[in-house]
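See below for the structure under consideration.
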Amino acid sequence: MTTLEIIYRQTNELKRHNNNARTHSPAQIAQIKNSILEFGWTNPVLIDEYDIIIAGHGRLDAAEELDLSTVPCIVLPGLTETQKRAYLIADNQLALNAGWDIELLQSEIEALKLENFDIDLLGFGDDEFQNMFDAPKLETIGNSLIDDNPYTKKVSTPLYEPNGNKPEYADMYKTEKFNQLLSRINDSKVDSEAKAFLTIAAYRHVQFNYEEIANYYAHSDKEVQELMEDSALVIIDFNKSIEQGYLKLSDEVDKYYAQEN
């Protein structure tokens with residue numbers, strides 16, 4: 001592997017590649033300039049043996065506007081013309097193929113704000129910030145999409161339709177932990193009122209299989225469905241669930257919910 005070495009070239013000696021399809025708006029050149037002023041020159045221009053730029057046309061534009069007489073470069077010797085033309089595209093497109101961990105990114109940006117750092121230097125526009133943090137994050141489960149944005153009630157849920165395979169009751173819940181607790185309660189020496197109370201509390205440890213419950217709901221008549229909804233075994237009506245106390249919104253989410261309604 002060739003050892004890379006940073007060399008400095010006169011700005012006016014560098015030549016733009018005729019086949020460079022990447023464009024740079026004045027706004028983006030301004031961003032590059034601000035980045036150089038804040039962080040220094042962190043990304044050398046890539047050139048061939050003839051001082052023709054392979055990657056870094058925007059950085060050269062920024063250097064010229066900053067009246068820099070020299071710029072750091074790395075020479076990539078021995079590339080064929082085909083390889084140079086291909087890398088002109090790949091250098092830009094490979095970076096675009098990366099993604100962001102939105103929650104972590106938002107956390108980092110908020111931390112920078114607390115340090116009074118100028119987040120405009122990060123390269124995002126106002127619209128990008130808005131879209132990035134307001135757009136719902138979608139997670140695929142089965143064939144359904146679940147909206148992971150905590151500030152919206154517009155959630156796509158799986159559609160369960162009768163298919164002739166109605167689950168058995170035993171398929172919809174597990175009682176192992178409940179049974180263990182109940183056995184301990186019954187064997188205890190506490191008074192009868194305490195036993196009655198602890199028995200009721202033990203029912204909290206019944207584990208429900210909500211996918212099977214949803215399938216059972218799809219195969220049930222209207223009266224059973226209504227009772228399942230009122231028991232919060234299934235949630236069909238978002239507003240009704242809030243009214244009945246099965247869903248509680250945080251103060252911030254509640255503010256957005258009130259605005260929508």
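Read the figures in this text as sums done on the coordinates, not as results from a lab. Nothing here was measured: the structure is a model prediction, and the numbers come from that model. Note that we place each Cβ from the backbone using ideal geometry, even for glycine, and neighbour counts take in every protein chain shown.
In table form, for the structure just shown:
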item: Projected area, mean over directions - the range 6-96, Cα convex hull, nm²; result: 5.7
item: Which of K189, K177 has the fewest Cβ neighbours within 10 Å, and the rest in rising order; result: K189, K177
item: Nonlocal amide H pairs with I54, under 5 Å, H built at 1.01 Å; result: L46, I47, D48
item: FRET E, pair N18, E38, Förster distance 30 Å, beta-carbon r, rounded to 0.05; result: 0.40
